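Shown next, in structure tokens, is the structure this report addresses.
The values are calculated or read from the model by the stated rules, or taken from the named source; none is laboratory data. This structure is a prediction, so every number in the text was calculated from the model and none was measured. Ideal geometry is used to build each Cβ from the backbone, glycine not excepted, and the neighbour counts take in all protein chains shown. These area figures cover heavy atoms from the full protein model, side chains too; ligands, DNA and RNA do not enter into them. Shrake-Rupley method; radii C 1.70, N 1.55, O 1.52, S 1.80 Å.
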Amino acid sequence: MVLIGVLVVIVGFVLRLNPMLVVTVAGLVTGLIAHESLYSILTQFGQAFETNRYMAIFIATLPVIGLLERHGLREQAEHLVSKIKAATAGRILTIYLLVREIAAALGITSIGGPAQMVRPLVVPMAEGAIEATYGEVPEDVSQKVRGHAAAVDNIGLFFGEDIFIAVGAVLFMKGFFDQNHVHSEPIRMGLWAIPTAAAVFVIHTIRLYLLDKSIKRRMEQTPAQSVGTQEVAKQ
Amino acid sequence: MIISIESVYIFTGIITFLSSLYTFFDKKNPRRITSGLFYLIYAITLMCAKVIPSFYVGILVLVIVAIAGFGGVRTGSYGEASSEERQRNRGRLKNWLFLPALLIPLVTVGGVEGLKDLKIAGKFFLDPSNVTMVALGLAGVVALVVGMLMTKSSPVTTVKESRRLIEAIGWAAVLPQMLAMLGTIFDSAGVGNVVSKAVDHVIPSNSLFWAVFAYCVGMALFTMVMGNAFAAFPVMTAGIALPLIIGHFGVQADKVAAIGMFAGYCGTLMTPMAANFNIVPAALLDLKDKNYVIRTQFPTAIILLGVNIILMYLVARF
């Protein structure tokens, strides 16, 4: 019976309803099914909300981040990335993965994202590298590179950000443990996030190396096809 | 103590409160009153939740949920710096721009390690029960002062920029707090117990490895179902990690939590439910197959889940 709350969350997310609403309704339904009074449910809401103010502490870092963004923080990061002259798509993505992970670990999650960095900067750079080596990029290779670029952005963000404590996840865990009267120290949680963050970098770097190999195979297999037609058309 | 966790909450509350004032007067926001109200009430809960009775905080929460849930929170206009302006400023400060951003983690770590035991006139300088959080708040202020001096900006500019970022996050800023709240309710209604019982039936009770395995795989699967590791964490941790790994085997909570959450993130990489990360980018990057990002991430996620299981087991064991 108590699992109905879980069901509410799933259905709510599937229907793309506003998550705030879904979560609240799930909480109310679960409380009512467990025969709690509305007063007691709301009191629990209030208590939990109070304890979990931890998660709002990231707001204390927003004024300085906003100020730096106004003064060109993102442009400077782009400038640094664009200076990279790695020869292959895989290497460009590896460097972006590293930059994204480190930035996220420092609490700067705004550097990156599919709309801000991946589409305008990372994808053109990676495709540009393939073009410089092999000539025009065929559709299937382009799709593959784009898929990998989006993946790198997610992976760098997810596994970098828990290293820094100003980020939701660590604060979230701290709040949870406090409610359950278990002692935890956020800075130590950040520390224990480092091995996984390093492991994912290694794993994914190997995959990007293999990506380069597969691009090489694919491009050499049909060497002049797409470039050829283009050149014939031009002539 | 001299700086308590409450004073950090008050600082975050003031930032949110001041930015809500700009929202009320933002004529370009079609929902400026409800949006402003959302941030104003949120600011009040940040500053005063300790002195307001919990029941009334609960009601305030319902009000902001109603505002956000029915589309009352919109973004407005911010008089952002033009791209030429940002390029010009960037040219002046160059890589020095990174300094204030780096100061946040540096001062936080320095504060935790260096000021932990500092007492002034017999009082702790930083709240000893929440050293990390208080040090982080302090770091935010230090970085802000340095940033303002470096960029020669006024406090008004900072408030406006904070507002831009807070509104960019919107109601999502409150969502983690809401999910934690849901976790509490689930827990008190006994969802954790259900999971716990199910796990008890399946795994040998004295095996640390299988407990770790069940917790990590459970985190990944439940995250795939719920679309969010934050929603999975309280249920799985209350169901498996707290009673078994932390309680029965006595493993330190910090280690279990950090690695367990990452196991959840492996699930995030594999589910269309995490639309923001997996489906939206596919559309944005003109991918023909909307699940292509998930398929690309899948091998890394599976391998990493294995790594997390082994890592947690080793960390717990030794």
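What to note about this one:
- Mean residue ellipticity (222 nm) of the protein assembly as shown, computed from DSSP H runs ≥ 4 via -39,500 (n - 2.57), nearest 500: -23000 deg cm²/dmol
- Rounded to 10°, Cα long-axis angle of helix A:73-82 versus longest principal axis of chain A: 30 degrees
- For A:Leu67, the shell of other residues with beta-carbons less than 15 Å away shows a net charge of +4, using +1 for Lys and Arg and -1 for Asp and Glu.
- In a reduced charge model with +1 at each Lys and Arg Cβ and -1 at each Asp and Glu Cβ, segment A:1-136 shows a dipole moment near 140 debye about its Cα centre.
- Chain A: angle of helix A:38-51 to the longest principal axis, Cα-based, in degrees nearest 10: 50 degrees
- Whichever lysines have a C-alpha closer than 17 Å to that of A:Lys144, once near sequence neighbours (fewer than 8 apart) are set aside: A:Lys213, A:Lys216, B:Lys288, B:Lys290
- As a length-normalised measure over Cα pairs under 8 Å and 6 or more apart, the relative contact order of chain A settles at 21 percent.
- Area of A:Ile4 that stays accessible when all protein chains are in place (1.4 Å probe, Å², to 10): 60 Å²
- Partners of B:Lys116 within straight-line reach, counting aspartates and glutamates whose Cα lies under 19 Å from its Cα and excluding those fewer than 8 residues away in the same chain: A:Glu185, B:Glu6, B:Asp127, B:Asp254.
- Rg ratio (alpha-carbon, reference 2.2 N^0.38 Å) - the protein assembly as shown: 0.99
- As a ratio to 2.2 N^0.38 Å, the alpha-carbon radius of gyration computed for segment A:1-120 takes the value 1.59.
- Projecting the Cα atoms of A:Leu157, A:Tyr54, B:Phe318 onto the dipole axis of the protein assembly as shown, where Lys and Arg carry +1 and Asp and Glu carry -1 at the beta carbon, places A:Leu157 farthest toward the positive end.
- For B:Leu99, the solvent-accessible surface with a 1.4 Å probe is about 70 Å², rounded to the nearest 10.
- Values of log10 I(q)/I(0), in the order q = 0.12 Å⁻¹, for segment B:1-150 under a Debye, Cα-only, solvent-free model: -0.73
- The angle between the Cα long axis of helix A:4-14 and the longest principal axis of the Cα atoms of chain A comes to about 30 degrees, rounded to the nearest 10.
- GNM result for chain B, Cα springs below 10 Å: residue of B:Trp210, B:Trp96, B:Trp171 fluctuating most strongly: B:Trp96
- When accessible surface is computed with a 1.4 Å probe, chains B and A are found to bury approximately 11200 Å² between them, both chains counted.
- Computed over segment B:195-318, Cα set: Rg, Dmax in Å: 15.4, 50
- Eigenvalues of the alpha-carbon gyration tensor of chain B, scaled by 5 and square-rooted, set the equivalent ellipsoid semi-axes at 36, 27, 23 angstrom, largest first.
- Anchor B:Lys27: lysines whose Cα lies under 21 Å away (excluding residues fewer than 8 positions away in-chain): B:Lys160
- 3J(HN,Hα) along segment A:145-155, derived from phi through the Karplus expression 6.51 cos²θ - 1.76 cosθ + 1.60 where θ = phi - 60°, amounts to 4, 5, x, 5, 5, 5, 5, 4, 4, 4, 5 Hz, with x in place of Gly and Pro.
- Cα centroid separation, segment B:3-44 to segment B:92-142 (Å): 25 Å
- ³J(HN,Hα) computed for each position of segment A:19-24 - Karplus, 6.51 cos²θ - 1.76 cosθ + 1.60, integer Hz, glycine/proline x: x, 4, 5, 4, 4, 5
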